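Encoded as structure tokens, the structure appears first; notes follow it.
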Amino acid sequence: PSPKSLQPNGASEEALRCEIKELKQKDLALDQEIAQLLSEGYSLEELDKHISLLHEYNEIKDAGQMLLGKLAVIRGVTTKQLYPEYDLELSD
């Protein structure tokens, strides 16, 4: 059983209420951010495309990091030591 399932019902319900409240606040903040972007002239389609491209970028970056990690293990060096060899910045 998970730690949450071991809590008394009251504590579990209170934790859920807090989580729901936090999620509602995040939802409101995101709605406000979207409204601001729309007022600045962005379209929903443009925002959706941008989000999709960010997801694709992150997936490619994760794959690259994984490959660098495997190469570092094979060579017996740290990933950080490979960055200059491939003209990468530590912030990449």
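The values are calculated or read from the model by the stated rules, or taken from the named source; none is laboratory data. Given the structure is predicted, the values throughout are model-derived calculations rather than measurements. Here the Cβ is made from the backbone with ideal geometry for all residues, glycine too, and neighbour counts use every protein chain on show. Side chains are part of the model used for accessible areas, which takes the heavy atoms of the whole protein and leaves out ligands, DNA and RNA. Shrake-Rupley method; radii C 1.70, N 1.55, O 1.52, S 1.80 Å.
Cβ-Cβ under 9 Å, sequence separation 6+ or interchain: first residue in segment 80-92 and assigned by the TED database to the domain that holds Glu59, partner surrounded by fewer than 10 Cβ atoms within 10 Å (Cβ to Cβ). Which pairs?
If the second residue must be surrounded by fewer than 10 Cβ atoms within 10 Å (Cβ to Cβ), the pairs left are Lys80/Leu90; Tyr83/Glu89; Tyr83/Leu90.
Can you name every one of the helices (runs of 4 or more DSSP H) wholly within the chain that holds 1 or more residues which are at pLDDT 90 or above, open to solvent by less than 90 Å² (accessible area, probe 1.4 Å) and touching a Lys or Arg at 6+ places or on another chain (Cβ under 7 Å)? Write out each step before concluding.
On the way: elements: 9-39, 44-75, 79-82.
Counting at least 1 such residues, we get no helices (runs of 4 or more DSSP H) at all.
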